[in-house]
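A.B. asks: First the structure, then my questions, so here it is.
The values are calculated or read from the model by the stated rules, or taken from the named source; none is laboratory data. What you see is a predicted model, and the numbers here were worked out from it, not measured in a lab. Positions of Cβ are generated from backbone atoms using ideal geometry, with glycine treated the same way; all protein chains shown enter the neighbour counts. For accessibility, only protein heavy atoms count, side chains too; no ligands or nucleic acids. Shrake-Rupley method; radii C 1.70, N 1.55, O 1.52, S 1.80 Å.
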Amino acid sequence: MGESVMELGVEELVNTGLTVAEANELYSVLKNIVSLSPTDPSLIWRHLVTRKALKPSFPHSLHQLLYYSVYHSHNASASLPLYWFPSLYVCLFTTTSYCLSPLFSSALFTLLILLSSLFRDQSKRTNLGRLMETHGPKLLGPSYKDPISSFPLFHNFSVQHPQLYWPLVLKELSVSFVEPPKCILDTSDPSKHGGTWLPGSVLNIADCCLQPSSHPYKSDDSVAIVWRDEGFDDSRVNQISLKQLRHQVMLVAKAIDATFSKGDAIAIDMQMTANAVIIYLAIVLAGCAVVSIADSFAPKEIASRLRVSKAKGIFTQDFIARGGKKFPLYSRVIEAATCKVIVLPVMGDDVGVQLREQDLSWKGFLSSANRTQNPRSDHYSPSYQSVDTVTNILFSSGTTGDPKAIPWTQLAPIRSAADGWAAIDIQPGDVYCWPTNLGWVIGPTVLYHCFLTGATLALYHGSPQGRDFGKFVQDAGVTILGTVPSLVKAWKSTQCMEGLDWTKIKTFCSSGETSNVDDDLWLSSRAYYSPIIELCGGTELASSYIAGSPLQPQAFGAFSTASMTTGFVIFDENGVPYPDDVACVGEVGLFPLSLGASDRLLNADHEKVYFKGMPIYKGKVLRRHGDIIKRTVDGYIIVQGRADDTMNLGGIKTSSVEIERVCDGADECLLETAAVGVATANRGPEQLVIFVVLKKGYNSNAETLKMKFTKAIQSNLNPLFKVSLVKIVPEFPRTSSNKILRRIMRDQMKHELSVQSRL
């Protein structure tokens, strides 16, 4: 791929796997485009994408060849290669065959673009663009031009004047207050760094999810959830309307009322199925708090979360069904839980396990509602509560001791949905799928993204690793698909999605770990280069702090903006902020005023964790997030890793110390171990590298230790973790006070892996 796009010929295109006819047609189009703008690679790529010259059915090697050839001479230190561009128009004619014809002149192309703009304006049809067109002239005055060129101004306005921005956005969401807020933000209490948001307001956020509304439009007949069970991949997609969903949630809420008390913490440890979503909403509707637990956790991790949250009950399944196999889940839960367990069958009507005396089958649990209320009645009175009432207890993904227990109040779903509305552009009628679990922050996030914006939630009851999941995405008509980079890498490497039609997808999303540029190239090409909106945040923020935007050009694996109303600075080792317009690398500090961000932890000192020792900026103490980020000369953001010795493995933040504790006992030959996470040169997910010092007189080899470490880590911490490399060294680099310098080892491995990738 060392050639410039100017040097490509038909032969090179055929060598990627195109037929001679396809290669000749594409070459003619390419030659025409290059003649329009021979010195501007971004414009060449933009024309290729706009004309839909690069079909999803073309081999990935062809997409690679053209992308890397177009940006052959690109200076990465100056700016990032762009692959997607917002537009003030949508060319209504790009799907027709003559756009690919060599007779399709640049003058005709320009004329059709101008004609298209009379019919449809892309940027102004986005949620944020529509809001800006309506309110921008008043809020920004004569400075307002259009949604694209005025986006930086409007973002800055949202940071400087959140009291004016939030009332506009609240009207766009399905948020209905029983008691309206006294104001948007109260900053009178100096002890509250983040202020008090929507004080005095009362609502039930689950009830907001379940009620029809005219704006955003969602009727009782609108489709709330679509799903398919693994193993039924040729069957029609199941669906449930908003009215049917509300009825089901009310039935479960009545049974919760009969079994638990208001305010109780009730856990969910099961796959993210339609039933799991119903249970989640029912717990919140009944005035209780959901305790989110991932279905991959070992009994020890389940037990710690139940203990910290003081859960009074837990919903789970008898088994997890994946790949035609059944994996026990109830047995793991009862090993950890002393509270009441309600068990759902993974298949059929009967639970396929022997229950403990105090536990209930799903049928037995629902029958409890008969004792107090008419189960056929559609009437149920939600528990309306203050906006700062805890409705969900989530946990940091770290594994060092007890994970931080982060309570979500009713503010968190509002913030989460608002950011999805603005950054992902979720609209009524969208079908939104993100394979995840309610135990991770993205699970509740996607739930609220859909139900507070009027979109349809799409769930696949099975593994997202294979073609069956991709077929569900096709058959369900998914328009927004969320991913994590490791999942995309698996799809690409196995080629399991070949031949499927994903062209209805208007937007991809990615979060959890650093994206790989080439993997993202493959993903975006599946839908004629739809944008991949990168999101980076945290459970404690209820959303992302940096993201992509449908109103800005996008670069693979990078973030184009801070989230709406979010401000941050990058500071050096001395806590001195860099100027906002300077390219730099440093730790990020967040502005403290952020609706939905945590103001408490159940088992840790919130002030110490997020504010102690942070720099003061413009009279405010910055909020700690812990990321090291790089800002490029053109203002894009790339996450470089964690400021402490925490690594990110498959989207789970994990402590080096905890991994080392497990590895130290894996073999008697070990004197000490040091674990580091190393990002690859092309910005892929972090690899887990274990450095080892052997005891004097002992011998071992790296491959043997790698297998032992992986087994120990998967058994004791998380079955999703794996060791990528073991390096045996005579000693570790240390400070004068004998602390291990993992940063030095991390940099060493980063250099070695970079050298290897060039060989």
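A.B. asks: Looking only at residues in region 502-515 that are open to solvent by less than 20 Å² (accessible area, probe 1.4 Å) and over 15 Å from the mean Cα position of the chain (by Cα), which one is farthest from residue 471 (Cα to Cα)?
C.D. replies: The qualifying residue farthest from residue 471 (Cα to Cα) is 505.
A.B. asks: For residues in region 210-219 being touching a residue at least 24 places away in the same chain (Cβ under 8 Å) and in contact with a Lys or Arg (Cβ under 9 Å, 6 or more places away or on another chain), which is nearest to residue 421 (Cα to Cα)?
C.D. replies: Filtering first and then ranking leaves 215.
A.B. asks: Turning to a different aspect of this structure: Among the residues of region 591-601, is any surrounded by 19 or more Cβ atoms within 10 Å (Cβ to Cβ) and farther than 25 Å from residue 448 by Cα?
C.D. replies: Within region 591-601 (the criterion being surrounded by 19 or more Cβ atoms within 10 Å (Cβ to Cβ) and farther than 25 Å from residue 448 by Cα), the answer is no, since none of the residues qualifies.
A.B. asks: Here's something else I'd like to know. Looking only at region 233-256, count every residue that is more than 21 Å from residue 287 (Cα to Cα) and under 27 Å from the mean Cα position of the chain (by Cα) and tell me the total.
C.D. replies: Residues meeting the conditions: 6.
A.B. asks: Which of the strands (runs of 3 or more DSSP E) contained wholly in region 609-708 include at least 2 residues that are touching a Phe, Trp or Tyr at 6+ places or on another chain (Cβ under 8 Å), crowded, with 21+ Cβ neighbours inside 10 Å and touching a residue at least 12 places away in the same chain (Cβ under 8 Å)?
C.D. replies: Answer list for region 609-708: 623-631, 637-642, 670-678, 687-694.
A.B. asks: Also, I was wondering about something else. Among residues belonging to region 558-605 that are under 22 Å from residue 158 (Cα atoms) and aromatic (Phe, Trp, Tyr), point out the one that is farthest from the chain's Cα centre (by Cα).
C.D. replies: 578
A.B. asks: Right, another one. Specify the residue that is most open to solvent (accessible area, probe 1.4 Å); the eligible residues are those in region 447-472 that are polar (S, T, N, Q) and under 12 Å from residue 230 (Cα atoms).
C.D. replies: 465
A.B. asks: Looking at region 148-158 only, could you name the residues that are of a type outside the set (S, T, N, Q) and open to solvent by 30 Å² or more (accessible area, probe 1.4 Å)?
C.D. replies: Selection gives 148, 152, 153.
A.B. asks: Could you identify the single residue in 261, 219, 241 that is modelled with pLDDT of 95 or more, out of contact with any Asp or Glu (no Cβ under 9 Å at 6 or more places or on another chain) and closer than 22 Å to residue 173 by Cβ?
C.D. replies: 219
A.B. asks: I'd like the full set of residues that are out of contact with any helix residue (DSSP H, G or I) (no Cβ under 7 Å at 6 or more places or on another chain), part of a helix (DSSP H, G or I) and open to solvent by less than 20 Å² (accessible area, probe 1.4 Å), limited to region 268-289.
C.D. replies: Across region 268-289, the qualifying residues are 274, 276.
A.B. asks: Name every residue in region 35-46 that is more than 16 Å from residue 79 (Cβ to Cβ), touching a residue at least 24 places away in the same chain (Cβ under 8 Å) and of a type outside the set (A, V, I, L, M), in order of residue number.
C.D. replies: Result: 35, 38.
A.B. asks: Which members of region 186-214 meet the condition of being in a strand (DSSP E or B) and either open to solvent by less than 20 Å² (accessible area, probe 1.4 Å) or closer than 14 Å to residue 409 by Cβ (or both)?
C.D. replies: If the condition is that a residue be in a strand (DSSP E or B) and either open to solvent by less than 20 Å² (accessible area, probe 1.4 Å) or closer than 14 Å to residue 409 by Cβ (or both), then 196, 197, 202, 203 are the ones that fit.
A.B. asks: Quick check on my filter: what residues within region 298-319 are open to solvent by less than 10 Å² (accessible area, probe 1.4 Å) and touching a Gly at 6+ places or on another chain (Cβ under 8 Å)?
C.D. replies: 318
A.B. asks: Looking only at region 405-443, count every residue that is open to solvent by 10 Å² or more (accessible area, probe 1.4 Å), hydrophobic (A, V, I, L, M, F, W, C) and out of contact with any helix residue (DSSP H, G or I) (no Cβ under 6 Å at 6 or more places or on another chain) and tell me the total.
C.D. replies: 5
A.B. asks: So, of the residues in region 473-501 that are closer than 28 Å to residue 211 by Cβ and more than 17 Å from the chain's Cα centre (by Cα), which turns out to be surrounded by the fewest Cβ atoms within 10 Å (Cβ to Cβ)?
C.D. replies: Checked region 473-501; the qualifying residue surrounded by the fewest Cβ atoms within 10 Å (Cβ to Cβ) is 477.
A.B. asks: Could you check region 422-514 for helices (runs of 4 or more DSSP H) lying wholly inside it with 3 or more residues that are modelled with pLDDT of 95 or more, of a type outside the set (Gly, Ala, Ser) and farther than 23 Å from residue 294 by Cα?
C.D. replies: Hits in region 422-514: 467-475.
A.B. asks: Please enumerate the residues belonging to region 320-362 that are part of a helix (DSSP H, G or I) and under 17 Å from residue 276 (Cβ atoms).
C.D. replies: Result: 330, 332, 333, 362.
A.B. asks: Would you mention how many residues in region 712-743 are among the β-branched types (Val, Ile, Thr), farther than 14 Å from residue 663 by Cβ and either modelled with pLDDT of 90 or more or open to solvent by 70 Å² or more (accessible area, probe 1.4 Å) (or both)?
C.D. replies: Selection size over region 712-743: 1.
A.B. asks: Conditions: (1) in contact with a strand residue (DSSP E or B) (Cβ under 9 Å, 6 or more places away or on another chain); (2) buried (at least 24 other Cβ atoms within 10 Å of the Cβ); (3) more than 28 Å from residue 357 (Cβ to Cβ). Residue 265 meets all but one. Number of the miss?
C.D. replies: With (1) in contact with a strand residue (DSSP E or B) (Cβ under 9 Å, 6 or more places away or on another chain); (2) buried (at least 24 other Cβ atoms within 10 Å of the Cβ); (3) more than 28 Å from residue 357 (Cβ to Cβ) applied to residue 265, the lone miss is (3).
A.B. asks: Within region 220-246, which residues are farther than 22 Å from residue 346 by Cα and either without any contact (Cβ under 8 Å) to a residue 60 or more places away in the chain or not in a strand (DSSP E or B) (or both)?
C.D. replies: 220, 221, 222, 241, 242, 243, 246
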